[in-house]
Amino acid sequence: MSKLKNINFDSMSLQGLDEDSELIPLMTPEDEEEINNEALPETLPILPLRNTVLFPGVVIPITAGRDKSIKLIKDANNGSKVIGVVSQKDEETENPGVNDINTLGTVAKILRVLQMPDGNTTVIIQGKKRFEVAEVLTEKPYLTATVREVKEVRPGKDNKEFSAIIESIKELSLQIIRDNPNIPSEASFAIKNIQSDSFLINFVSSNLNLSVKEKQELLEIPNLQDRALAALKYMNVELQKLELKNDIQSKVRSDMDQQQREYYLHQQMKTIQEELGGLSYEEEVEQMRARAKKKKWSKEVKEHFEKELTKIQRMNPQVAEYSIQRNYLDLFLDLPWNEFSKDKFDLKRAQKILDRDHYGLEDVKRRIIEYLAVLKLRNDMKSPILCLYGPPGVGKTSLGKSVAEALGREYVRISLGGLRDEAEIRGHRKTYIGAMPGRIVQSLKKAGKSNPVFILDEIDKLSNSHQGDPSSAMLEVLDPEQNSEFYDNFLEMGYDLSKVMFIATANNLSGIQPALRDRMEIINVTGYTIEEKVEIAKRHLLPKQLKEHGLTVKDLKIAKPQLEKIVEGYTRESGVRSLDKQIAKMVRNAAKSIAMEEEYNLKVTFEDVEKVLGPARMERDKYENNDVAGVVTGLAWTSVGGDILFIESILSKGKGTMTITGNLGKVMKESATIAMEFIKSNADRFGINPEVFDKYNVHIHVPEGATPKDGPSAGITMLTSLVSLFTQKKVKKSLAMTGEITLRGKVLPVGGIKEKILAAKRARIKEIILCEDNRKDILEIKEEYVSGLTFHYVTDMQEVIDVAITEESVKNAKSL
């Protein structure tokens, strides 16, 4: 209970009045008798109170703010001064109507109307008797209604129980006034001087620290004794709160160290937060517990969560560890424990999606369909770890989206390029400020399912530092035998990754740690032929660029011949990234013409291609006729796919020295030395005069000297170049070769065959010399890729010379 408190009415504050003020007469039994005998008017103007309840006999001051209320008070003050007062159901309602007010209220008499200095109207009213709204007559300019009186059931005069209740109310009121420092001690005189029992009950009920709803419930109790008992119950609760508060303050005052002070401030903050509508810390914990009941946790995870939840309940919210612990629990609740998306086993549909989004890549598509087939039959299978290995721009990363759509799973991608902190994979320990889970766990949280298609982009570009080796941390992630219990340092528990379908991408397998490479199934995604690039440009790249530039297929058309010219003359790659940029230039040119209202060719011509893109820049990839002895075409593998290179040899008079240029690596220089020594030891077989080796110097050069070159693949090319030079016989036209040589005259197999074959086809090569052991690589290549090519499989160097140089070579050799 408090002093007649400040009350908000019509959004205005009320003025508190002392109990000894002449405006608060203490009602006597005679006054009460007179009020009860007064006749109740049939109709009353209804004044809604925003956040208080008026009880019979009680005087309260209110300040009117709404226009309707001011009008009502003015009219009533000039008339009978009697109004009906009811409380609103919701204090936020600005313009209460019939359904927004309680039907039971109190008849009030206006005692005084005051004009305040700030311009507001303050009115003093006194409650008379209770009434019930029978029927609302008008709502404008204010509410008026017919009313009927609600009689109070009063106990008999000799009711000892009622007398005891009244005495208890007085005693508790005096005790509350004494213990509450906010109530002046003079208020006790008012309580002692109240003679009317019903007025005492209503006066106490009006001043209890209760909500409007609770006060309205008190007012609606018809039996006065029952109302007294209810008021006594609330007073007991208030007294207990006061005693507890005073006891806490006493303890804090006597011995308050820093931790106790923080706790006390936290309690106040919690109260403020609740007043502002926010969640208290206890409510947050309860929300977490409610969310936890919906999770599909194992017994171990559930017990661990309950333990950590209990820990945060004992923790001071002001310490730094609290936020970490809260983030930790939020992560537990956000992770999709045992939540899986349902796989779609329509293999024909999956094949259509893969074919729709990617042209070519048959090996990858076949592997995905195989995985789906096994999963459909077994319905439970550890996901494979696939590694798509190949040059940039061939569609390795974008393939993951198509796989996710085909499987009906969520799609997640993280880029590992340049990652050098092991904590990015495994997370930080929870003891550190700012600790976070690893990117694997974070991505699963984002996906919302425990079986997404997870793309690990650029896995060959992981780097090491003093912060650990991320590639070693990936071993557990990508090991099907271990990742069912992947341990994240922040999570502090094992998480099942066995249902995740990991797809890694890499440009260079040599950059992957051997142990990590061993855990993955390597799928070689090679480059595209010219025909494939044209199809990709037609089906995917051109429509995409038209859409991105705000055009449609009606605004620009590029036919296959023009696309082929762009591919051959302006791109030099295995993928289609550069091709995409060139097509974008063509589309931008058309967009500019449309925007500037200039004329342009709707169907692109060869002249338009050269006008927009300039002269063709990639003609050096074309095969050059070997009109000079000593020039041979070789095949090479690069990080962006296959390429052709020319090896040139020339003789000059000297002492038999050999010079090698062209920015060659150690292995290529050794190949040249091996070829030279083999020719010297087998000069008779090739029809070469041995004296030549002492009278002439040999210079071997590989053009494009700014580009580093290395590897054993040019061994037979260098041998052929030197034999052609010494015999002065030109090599066959449209012929290229690749293979490693030994001092015994053997030809060894080399890698990158498909890329090299594609490069040869781009360069219009007709015949290719390969090691016999590379025959199996040719059989794996689609037939259309090798159509028009003739392959010569050899096992020793003599066979290479027999194929590359005709029988006329020795007969027509010039004398040196």
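Quick check: pseudo-label points 7 Å beyond the Cα along Cα→Cβ at Asn246 and Asn120, how many nm apart are they?
In this crude spin-label approximation the distance works out to 3.2 nm.
State, to one decimal in nm, how far the label point of Arg349 lies from the label point of Asn682, with both points 7 Å from Cα in the Cβ direction.
With each label point 7 Å from Cα toward Cβ, the separation is 6.1 nm.
Using mean Cβ contacts within 10 Å as the protection proxy, how do 422-435, 236-249 order, highest first? All intermediate terms of the calculation are to be shown ahead of the outcome.
Details: 422-435: 17.2, 236-249: 13.1.
So the peptides 422-435, 236-249, ranked by packing, come out 422-435, 236-249.
Please report how far the C-alpha centroid of the stretch 224-245 lies from that of the stretch 714-734, rounded to the nearest whole angstrom.
For the stretch 224-245 versus the stretch 714-734, the Cα centre distance is 111 Å.
Using the Kirkwood radius over C-alpha pairs as Rh, can you work out the diffusion coefficient of the stretch 177-253 via Stokes-Einstein at 20 °C, viscosity 1.002 mPa s, in µm² per second? Can you show the working numbers first?
Values: Rh = 13.8 Å.
Estimated diffusion coefficient is 155 µm²/s.
For the chain, with the dipole built from +1 on Lys and Arg beta-carbon atoms and -1 on Asp and Glu ones, taken about the Cα centre, which of Thr271, Ala76, Thr720 lies farthest toward the positive end?
Toward the positive end, the furthest listed residue is Thr720.
Of Val58, Pro45, Leu218, which is farthest on the positive side of the dipole of the stretch 29-219, counting Cα position, with +1 on Lys and Arg Cβ, -1 on Asp and Glu Cβ, and the Cα centre as origin?
Pro45
Using only Cα atoms, tell me the angle between helix 224-254 and the longest principal axis of the chain; keep it within 0 to 90° and round to the nearest 10.
60
In Å and on Cα atoms, what radius of gyration and Dmax does the chain show?
Considering the chain through its Cα atoms, Rg and Dmax are 46.8, 151 Å.
Quote the charge dipole size of the chain about the Cα centre in Debye, to the nearest 20; the model charges only the Cβ of Lys and Arg (+1) and of Asp and Glu (-1).
Working: 118 positive and 124 negative charges, 696 e Å.
Charge dipole, the chain, about its Cα centre: 3340 debye, nearest 20.
To the nearest 20 Debye, how big is the dipole of the stretch 347-524 about its Cα centre, given +1 on the beta carbon of each Lys and Arg and -1 on that of each Asp and Glu? Present the calculation step by step, with values, prior to reporting the outcome.
Numbers: 26 positive and 24 negative charges, 149 e Å.
Taking the Cα centre of the stretch 347-524 as origin, the dipole is about 720 debye.
Charges at C-beta only: +1 for Lys and Arg, -1 for Asp and Glu. How large is the resulting dipole of the stretch 157-201 about its Cα centre, in Debye rounded to 20? Don't jump to the answer; show the numbers that get you there.
Values: 5 positive and 7 negative charges, 15 e Å.
Here the size comes out at about 80 debye.
Show which lysines lie in cross-link reach of Lys776 when reach means a straight Cα distance below 17 angstrom and same-chain residues fewer than eight apart are skipped.
Counting by Cα, and skipping residues close in sequence, Lys776 has these lysines nearby: Lys754, Lys756.
Restricting to DSSP H runs of at least four residues, report the calculated mean residue ellipticity at 222 nm for the chain, -39500 (n - 2.57) per run over all residues, nearest 500 deg cm²/dmol. List each step's numbers first, then the result.
Details: 32 runs with 344 residues, N = 816.
Result for the chain: -12500 deg cm²/dmol, rounded to the nearest 500.
Can you tell me, using C-alpha contacts under 8 Å and at least 6 residues apart, the relative contact order of the chain as a whole percent?
So the answer I get is 7 percent.
Quick one: of Lys565/Lys603; Lys533/Lys560; Lys709/Lys729, which pairs are farther than 18 Å apart, Cα to Cα? Show your work: numbers first, answer last.
Working: Lys565/Lys603 14 Å; Lys533/Lys560 10 Å; Lys709/Lys729 27 Å.
In this structure, Lys709/Lys729 lie more than 18 Å apart at Cα.
Answer with one residue from Ile765, Leu137, Thr605: the one whose Cα lies farthest towards the positive end of the charge dipole of the chain, charges on Cβ with Lys, Arg +1 and Asp, Glu -1.
Checked the options; the winner is Ile765.
If R₀ is 41 angstrom, what is the calculated FRET efficiency for the pair Val153 and Asp90, using the beta carbon separation as r and rounding to 0.05?
Working: r = 30 Å, r/R0 = 0.73.
That pair, Val153 with Asp90, gives E of 0.85.
We did not get these values from a lab; they are worked out from the coordinates using the rules stated. Since this is a predicted model, take the numbers as computed values, not measurements. Note: ideal-geometry Cβ built from the backbone for every residue, glycine included; neighbour counts use all protein chains shown.
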